[in-house]
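The values are calculated or read from the model by the stated rules, or taken from the named source; none is laboratory data. As the structure is a prediction and not an experimental result, all values here were calculated from the model. We place every Cβ from the backbone using ideal geometry, glycine too, and count neighbours over all the protein chains shown.
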Amino acid sequence: MNHAQDKVVIINSEFLPILEAIKSQLTTVEKIIIISEDGSMPQTKIPFDAEYEELLASSSTQFDFPEFDENTQATIFYTTGTTGLPKGVYFSHRQLVLHTMIMTMSTSAYDSVGRFHSTDVYMPLTPMFHVHAWGCPYVATMLGVKQVYPGKYEPPVLLKLILTEKVTFSHCVPTIIQMLVASPAVKNLDLSKWKVVIGGSRLPKGLALAAMQLGIQIYAGYGMSETCPLISIANLKPDMLNWDKEKQVDKLICTGISVPLVYAEIFDPAGKILPHDGETTGELVLRAPWLTPGYFNDEERSKDLWIDGWLHTGDVAYIDNENYIQITDRIKDVIKTGGEWISSLELENLISQHEAVLEAAAIGIPDPKWGERPELIIVLRPDFKGKVAAEDMQKYMTECADKGKIPKYGIPDKYLFVDEIPKTSVGKINKIQLRKLYS
């Protein structure tokens, strides 16, 4: 808040204890506006200037907006800090408008899975602070779509809203959909009209299949805080619409095909463009009109983001001959063993298809001989707890290697069963915390 130089804070009364704890450290805040859900004034030590609903009720319904340059900064928000301190990214009005138009085209115009259109009912399952809620509220507003905002992400509340409000379009990170799919109440519900875009982390095949068995139309998208966020979406091309489900799933869970106006390439460490052959991996680099110009008040880290006119994502990926992108890992999360790379995301994707696995994460642990070796941290489904052992997981991953899905050196040496995997504020697996805890 100090770094962003916030002048006005609008805060739900539920979060007042957090604000009270840091109020003395805030250097730029001039006004505080409270949102009270039940209309009553909360007890707080903080002097506040207004209550949100009262402020709205006493204000004119008209406002004469002054003219301003379209390149004026519209938003700033902060990355989740999974690879270091959070960084401020910012976007102009022009960028948000362009992003909204392209997202509308990419999710609505193509004949593919999960199209978003004017008769849908939209309910976001990602926080608004997380990359503009992925830009979808702007699209929903432009299409005149009914919008439902759930508050806390608790399975009973979410499932009730989906049914009572007839929600048909949502987006979330894998953690949220996994939480809903695992809920006992979901087995008796008809979710066949619900379309869900998954982003933030890779959509594991096992989770996608579990969602599809419930009738959910699920597919992946990709973007970053730095990209506003939309870069690609797993739309199916016309000839793919006739594929069998199993074959379609592999495309629907991939990073996706670049949306219009996005230029994506794969670079080797020397900055050379690599072929789109579906095999050769390197760093994914981007150009698009809505990418952040840099990090707010952080010239040094901005230089690392933009090099030679390309935004460097820090993601390892390949692009196939149909121009579908597949992220294989974060550069900082890739496991390097004996000089060879192992994709932590691919290990997670494979183990997710084991019937006993509810959730899993792969990390590299130090090894005196090989430098690093992969370790799988696993949350078991409740009905399998105490019934499977590390040896069962080892056998399964060995079978995957025998089928050529991973190299033999990629078979993890260690399997750790835990009750919970730590997450960031937006529900992503926190690899930094995992390495601190388990390596």
Discussion item. With the structure loaded, tell me whether ILE325 is in a strand (DSSP E or B), touching a Cys at 6+ places or on another chain (Cβ under 9 Å) and outside the structural domain of TRP370 (by TED's automatic domain parsing) or whether it fails that test.
Written reply: yes
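One line per residue, one yes/no per condition, for (1) assigned by TED's automatic domain parsing to the domain that holds GLY294; (2) out of contact with any helix residue (DSSP H, G or I) (no Cβ under 9 Å at 6 or more places or on another chain); (3) surrounded by 20 or more Cβ atoms within 10 Å (Cβ to Cβ); (4) in a strand (DSSP E or B):
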{"site": "GLY200", "(1), (2), (3), (4)": "yes, no, yes, no"}
{"site": "GLY215", "(1), (2), (3), (4)": "yes, yes, no, no"}
{"site": "ILE266", "(1), (2), (3), (4)": "yes, yes, yes, yes"}
{"site": "GLY271", "(1), (2), (3), (4)": "yes, yes, no, no"}
>> Quick check on the stretch 326-348. Is at least one of its residues hydroxyl-bearing (Ser, Thr, Tyr) and modelled with pLDDT of 95 or more?
In response: no
| field | Verdict on ASP333 being closer than 22 Å to LEU434 by Cα, in contact with a strand residue (DSSP E or B) (Cβ under 6 Å, 6 or more places away or on another chain) and among the acidic types (Asp, Glu) | value | no
GLY135 meets each of (1) touching a Leu at 6+ places or on another chain (Cβ under 9 Å); (2) more than 26 Å from ILE429 (Cα to Cα) with one exception, condition (2)
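For every residue, the table says whether it meets (1) aliphatic (A, V, I, L, M); (2) more than 28 Å from MET128 (Cα to Cα); (3) buried (at least 16 other Cβ atoms within 10 Å of the Cβ); (4) assigned by TED's automatic domain parsing to the domain that holds GLY199.
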residue	(1), (2), (3), (4)
LEU350	yes, yes, yes, no
LEU358	yes, no, yes, no
LYS369	no, yes, no, no
ALA390	yes, yes, no, no
TYR396	no, yes, yes, no
PRO407	no, yes, no, no
ILE411	yes, yes, yes, no
GLY427	no, no, yes, no
LYS431	no, no, yes, no
Picking from GLU340, GLU322, the residue that is farther than 23 Å from VAL259 by Cα and among the acidic types (Asp, Glu) would be GLU340
Selection over the stretch 272-302 where residues are within 16 Å of ILE319 (Cα to Cα) and not β-branched (Val, Ile, Thr) yields a count of 12
Residues in the stretch 69-90 that are over 20 Å from VAL426 (Cα atoms) and touching a residue at least 24 places away in the same chain (Cβ under 8 Å) total 1
Has the stretch 121-136 got any residue that is over 25 Å from ASP315 (Cβ atoms), crowded, with 21+ Cβ neighbours inside 10 Å, in the same structural domain as GLY199 (by TED's automatic domain parsing) and in contact (Cβ under 8 Å) with a residue 12 or more places away in the chain? yes
Among ASP320, ASP304, ASP308, the single one that is among the acidic types (Asp, Glu) and surrounded by 13 or more Cβ atoms within 10 Å (Cβ to Cβ) is ASP320
Among helices (runs of 4 or more DSSP H) entirely within the stretch 92-196, at least 3 residues that are over 19 Å from LEU252 (Cβ atoms) and modelled with pLDDT under 95 occur in 155-164
Counting only residues in the stretch 32-87 that are exposed (fewer than 11 other Cβ atoms within 10 Å of the Cβ) and among the β-branched types (Val, Ile, Thr), the one nearest to ILE10 (Cα to Cα) is identified as THR61
The residue that is surrounded by the most Cβ atoms within 10 Å (Cβ to Cβ), considering only those in the stretch 279-301 that are in a loop (DSSP other than H, G, I, E, B) and of a type in the set (Gly, Ala, Ser), is ALA288
Among (1) of a type outside the set (Asp, Glu); (2) surrounded by fewer than 17 Cβ atoms within 10 Å (Cβ to Cβ); (3) over 18 Å from the mean Cα position of the chain (by Cα), VAL167 falls short only on (2)
